[in-house]
Structures are given as C-alpha cells and as structure tokens.
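Presented below is the structure to which this report refers.
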Amino acid sequence: MRAVSVMTPLIAAMLGLTCTTDSLARDRVLQVVGPWEITGIDPIRAGYVFGRMGVAETLVTVDGDGNPIPALAESWSVSDDRLVWRFALRPAARFHDGTPVTAEAAVAALEKARSGAGVLSRTPIAEITAEGSDVVIRTATPFAPLPAFLANYTSIVLAPASWNGEGKFAGIVGSGPYRVSGLTPPLRLDVERFDGWWGGSPKVGQARYLSVPRGETRALMAESGEADLAFALLPAHMDRLRRNPRVDVRVVPIPRTRMLKVNAGSVFFDQVEERRALSLTLDRAGMATAILRNPANAAGQLLPPSMAEWHVHDLPPLRRDTAEAKRLLAAAGWKAGQDGILVSPDGERFSVQLRTFTNWPELPLMATAMQAQLREVGIELDVAVGNSSEIPAGHRDGSLQMGLASRNFSLVPDPLGTLLEDYGPDGGEWGAMNWSDPALTKTLEALKTTFDPAERAPLRARVSEIIQTELPVIPIAWFELGVAVNKRLGSVTIDPFEISYHLADLTWADAEAP
C-alpha cells in the first residue's frame, strides 16, 4: 500500500491552509517544513528557498566540506594575474521554459544580482561578459573567494522570462531539477519535477515547502507523518521523536553561532572591559547542557570546530568567571546602586534591552537564562521577543542595545564573505555595531587577495584572535541542526551549509515513486 503524506485538518488550520486527503493522495508529495518564511520572489530576499528546493542554480556550489564544485558551470579557471575568471557553462543546461542556459542569460542574471543588495555587490567585479558559452568575470583587484560568492543564493541564474518588460521580477524561471508549480508567500512553495534538467530526472516527482514558525508544530508534523523533512528542531522535540519508529533524527554541526550583538557605542559597552565582563558572566556550558542538551556546543570562540580552517584550536577559550567580571565592571567605573543594579559615574543604571526572536526556538530560552545570570553581577536585562527583523532595524536606527541571534557563516560558503559584511569599517547589521578595528580590516582585506592556502592560514587565525580579544560580538553557543526524516524516504543528505535540500537525490524507500 502506498504511503501518503497527508495533512490533518488540525495542522492545515494552524497553517491557514485548505487541504484534503483526496487531493494529496492522488500524487505523493514530499513535505518539507522549516522556520524560514518565503519573503517574495526577489532572489535577494528569498533566493535561499528556491535554491534549497532545487528550483534555481548558481554557477558554483559546494561539497559537504565547503569546497567549491561545479553547478551550472561545469568548470572554471582564473588567469595568472588573478583578475580574469572564466566559467564554462554546461551545454545541456535548460531553463524551465525550455530555453537554453546561455552565457548571455547568465550574465544578465548576474548583473542584476550585482546591481542589487546581494553578495556580488560587495565584490570588486569590474565586468561580466559572455564569450561563446563562457561567462567571463573580470575583477579590479584579485579576489580569492569569488567562487564562494557565486554559490550564494542571491547569485542564482534565472531565465530572461523571470523579469517583465520593466525589469521587475515576474516569476522564478530557473534551471534546477524542480520548477515552481505553486507559490503562496510567505507560507508555501510547491515544486514539480523538471525532466529537462541536465543532471537527469529526479525520482521524487513533487515536493512542498511550508514555513512553520513554531518548533513544536514542526515536531508534531514530523511525529504524525505530515512532514517528511522537518528542520530546526529543539533537543526536547528530538528526544521525543527518537522514540518514534517512523522517524530518523539527524543532528548535523553547521557553520552557525548563537551570539550576542552589542552596541559598542553605548555607555554600557563602549569599553572592552565591559564587553569582557559581559562575556565572563555568561554560563555557556550550563545553557548548552540544559537547553541544547550538548555541553560541547558551548562556544569557546566565534567560529566553531566544524569550520576547520577558521577554528583556532590553541586560542584560549571564553569562560565564566563572575568575580573577574565584577572586577572589570568596577574598573570601568560601574558601582552597585541601592537595589544592586550597577550605576555609572553619571548616574546611568546598567539596564539594557535584549532583542531576540523565535525563528530559532531556543533563543528566547537562552535569553531568559542570561537575564538571571547577568543579574548576578548587577546588570538588569529586559528581554524583548519579536521578529528577527528588529535586530537589523535597531542597528540601522541606533536603538539596539543588545541582540541575541544565530549568525550563519555559510551564506557565502567561505566565511570570509560573512566576516567582511559583519566586521568591516562600518560594521554590519548582524555583526559589529559602532565598532571597528584597523588591524582586523587590514587582515580581512589581505584575505581577499591571497590565494595561497599556506598564506591564508595565519591570516584566518589573526581574524579570530582579534575578535576574541575585542569581543564586538559575544559568542554563546555553536550550532547543530536538528532534522527529522521520515523513514519512508530513502537516503537523505543533510547539507551543513544549508544551500540545498538535495531533493534531486531523494528516493522513496518503498520505490513507489509516482
């Protein structure tokens, strides 16, 4: 008997969907649920979901270790002077409207990405041209991480039909193994198999992505069989799902770090002693054990061990020492008031707001734990749980005091892409705020132009050392991605770089693919 992924009326009502058993039973649909909303069709804002679902492709992608590998470009090379990159397109590649993936079409898509707010706008690209079936990119200066930037979702290559006559997005016409069959932002994306894909015809014929913000709801959908792949689960949910014989629970270390972003221009954090005191107050091991169920995830530095080339093994780890924290705060001029809350020489109470959000369900729990921990040294914390957009908005308007977030260092698979965005001279919406360091800027710039791996290694270590010393952000916990996999699926690959769900590689375990 065919196993069918059916959505119950309860879950459908929670998601605001209308769905019947009969409609889903006619064709087996692979159900994917995650916390991430679909914020439209512009790749700058929502390209990640079209990349993960196999709708659109980039010239380059990465393997499980983050090394660049071919995607739409079957090969590439760089000139001796490191200024000219040549990407040879796959001759069999076709867009979903049947038109060939030409160098001219790829150039047009990349130029639109470069002119917008995507990662290509932050590269020294001087010119992108088509030469026969090759895409040729010329840079004003050598830029070693270019292939990684081209693997970012904002660099997806779309057909000319994706834009209307006014140059605005009209739809997503990609070249991947799946094409869009239905789209209802911000909740739902339906895709169907594209038999013209250069990599062959996928075994799974239809798939659906649902944005489900609540972690408990995602876990319930996995438990009941209404989700074949459920992403970003809490440890408590995974413990329960491990007892379900129909579900396989996967835990994969990924290049993310939960961290505190602080306003280093405020009276509370403008001295490095204050930022170090804040770090010393936090019980990382306790939170990692009680909330994340894995004490090894307590972050001793910003970049986790899974990022082998960037993690510095001999860097003294961040630790907890409340006595030293109190000493540093006193040295910075803070004294306890009558109610125990610290007061500055100017009479400013050390009372700050911490913004966080529920997309990652553990963040509010960690914020509550921090509230109690900081009280021990005289810091009053007001926890405000809202939308993730409130942290970058607070950075832009200057109102942010502290933000607890999960930073993804693989949006550009080379972490340098994120570090350049977060710790340049002007800081970044998810990185430094009102803080910069000339030595760090110089080191990051050197990494942009250095191609030799042996020369890059000490530069990477220097980046980690500066951030560890100055603490413009304060690492809290490294990340493991919890995923529930229904056993009706065959072999499943979980991408630690969150670029693809690898739907084209999936099979149904009972081999009854429609």
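Things to note:
- Extension gain, Ala439 to Asp270, is 59.0 nm, computed as 0.36 nm per intervening residue step minus the present C-alpha separation.
- Helix 438-449 and the long axis of the chain differ in direction by around 20°, with both axes built from C-alpha atoms.
- For Ala484, net neighbour charge (Lys/Arg +1, Asp/Glu -1) across residues whose Cβ lies under 13 Å away: +2
- Here the sum of -39500 (n - 2.57) over DSSP H runs of 4 or more residues, divided by the residues of the chain, equals -8000 deg cm²/dmol at 222 nm, to the nearest 500.
- Modelled spin labels at Ala509 and Arg122, positioned 7 Å past Cα toward Cβ, are 4.1 nm from each other.
- Carbon plus sulfur fraction of accessible area for the stretch 241-313, probe 1.4 Å, in percent: 51 percent
- Stretching the chain fully between Leu459 and His502 yields a gain of 12.1 nm (0.36 nm per residue, less the alpha carbon separation).
- Whole-percent carbon and sulfur share, accessible surface of the stretch 96-232, 1.4 Å: 52 percent
- Normalised per residue, the accessible area of the stretch 303-406 is 48 Å², obtained with a 1.4 Å probe and no contribution from ligands, DNA or RNA.
- For the stretch 414-514, the fraction of 1.4 Å probe accessible surface lying on carbon and sulfur atoms is 51 percent.
- Available extension along the chain between Glu380 and Asp239 is 47.4 nm, counting 0.36 nm per residue and deducting the alpha carbon span.
- Within the straight-line cut-off of under 17 Å between alpha carbons, the aspartates and glutamates reachable from Lys335 are Asp270, Glu273, Glu274, Glu324, Asp346, Glu348, Glu376, Glu380, sequence neighbours fewer than 8 places apart in one chain being disregarded.
- Against the chain, whose longest principal axis is taken from its Cα atoms, helix 272-281 shows a tilt of about 80°.
- Qualifying aspartates and glutamates (Cα of each under 12 Å from Cα of Lys168; at least 8 residues distant if same chain): Asp42
- Along the chain, the exposed loop sites are GluC sites (Glu not before Pro) outside DSSP states H, G, I, E and B with at most 15 other Cβ atoms within 10 Å, and the longest stretch free of them is 1-165.
- For Lys487, a cut-off of 20 angstrom between C-alpha atoms picks up these lysines, skipping any fewer than 8 places away in its own chain: Lys203.
- DSSP-loop trypsin sites (Lys or Arg not before Pro) across the stretch 93-149, with at most 15 other Cβ within 10 angstrom: none
- On Cα atoms only, tilt of 453-470 relative to the major axis of the chain in degrees: 40 degrees
- Label zone (Ala393, point 7 Å along Cα-to-C-beta; backbone nitrogen cut-off 19 Å) within the stretch 257-277: 261-263.
- Label positions at Arg349 and Ser224, each projected 7 Å from the Cα along the C-beta direction, are separated by 4.6 nm.
- Taking the DSSP bridge list for the chain and keeping only pairs wholly inside it, about 75 percent are antiparallel.
- Taking amide H as placed 1.01 Å from N in the peptide plane, Val62 has its amide H under 5 Å from the amide H of Ile69, each at least 5 places away in sequence or on another chain.
The values are calculated or read from the model by the stated rules, or taken from the named source; none is laboratory data. No experiment lies behind these values; they were computed from the predicted model shown. Neighbour counts run over all protein chains shown; Cβ positions are idealised from the backbone, glycine included. Ligands, DNA and RNA are excluded from the accessible area calculation, which covers all protein heavy atoms including side chains. Shrake-Rupley method; radii C 1.70, N 1.55, O 1.52, S 1.80 Å.
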